[in-house]
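Taken together, the values in this text are just the output of simple stated rules run on the coordinates, not laboratory data. Here the structure is a predicted model, which means the values were calculated and not measured. Cβ placement follows ideal geometry from the backbone for every residue including glycine, while neighbour counts extend to all protein chains displayed.
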Amino acid sequence: MADLPPDNASPAKRAAIALAITVALLAAVWFGLGDGAYLWVKAAHIIAVIAWMAGMLYLPRLFIYHCDAPKGSAQSETFKVMEHRLLNVIINPAMVLTWVLGLWLAWQGAFFSDGWLHAKLALVIAMSGVHGFFSASVRRFAADANTTSQRAWRMWNEVPTVLMILIVLLVVVKPF
Ligand code: HEM
């Protein structure tokens, strides 16, 4: 396991803090802006989505380079720190925010019976599953126990991109 810099909080604690801040902000926006809150929350949802996707697109790219670094080398230890930080500081909190704000929008907009939202939710659940796999992979790389080939990482690298394109098409075009 790499000698990682100490974290101030565990991933679960970070997620709980992100959730608490979001709920507090939602309440403030809700009571402060009334009907105008929807667009502000949608903007915050899109910002959270961008942060989540930036991390989901970059993390497998780090895994690809990490495969080339000999175990125990300084380069490999640096990749471990980068992966750990990217996951815990950006990707995990951004996913929590995306979910909470997205569900609030769906509830406020009364979209829960719409086909496009069902399809979008299925794809977002798939994205969250890929997130879980990447998260487990960060732990495996940290223990020098990655068994996934560089070629396979190159393919995994494309999965969040494809899911993201389909999700955006569904929510913007709303084809059904
Ligand atoms: C986590 C579960 C999610 C839920 C429940 C959710 C739900 C929603 C809802 C209800 C809206 C408002 C639609 C409207 O006002 O017409 C919205 C907007 C949006 N969502 Fe999500 N979303 C989620 C995750 C995501 C993800 C992962 C992405 C991208 C990869 C995404 C991209 C967007 C975009 C780009 C918009 C703005 C669409 C527009 O205004 O035309 N969402 N989302």
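Before moving on, here are some points about what is shown:
- Residue-level check: of (1) within 14 Å of the chain's Cα centre (by Cα); (2) within 24 Å of Ala43 (Cβ to Cβ); (3) more than 9 Å from the ligand (Cβ to nearest atom), Ala110 misses just (1).
- Index of the failed condition, Ala54 passing every other in (1) surrounded by 15 or more Cβ atoms within 10 Å (Cβ to Cβ); (2) within 16 Å of the ligand (Cβ to nearest atom): (1)
- Scanning the stretch 113-125 for residues that are near the ligand (Cβ under 10 Å from one of its atoms) and either outside any helix (DSSP H, G or I) or surrounded by 15 or more Cβ atoms within 10 Å (Cβ to Cβ) (or both) yields Asp114, Trp116, Leu117, Lys120, Leu121, Leu123, Val124.
- Residue in the stretch 136-145 that is under 19 Å from the mean Cα position of the chain (by Cα), assigned to a loop (DSSP other than H, G, I, E, B) and not small (Gly, Ala, Ser) present: no
- Residues of the stretch 143-165 that turn out to be within 9 Å of the ligand (Cβ to nearest atom) and either on the phi > 0 side of the Ramachandran plot or in contact (Cβ under 8 Å) with a residue 40 or more places away in the chain (or both), as a count: 3
- Residue within the stretch 7-21 that is touching a Leu at 6+ places or on another chain (Cβ under 9 Å) and within 16 Å of the ligand (Cβ to nearest atom) present: yes
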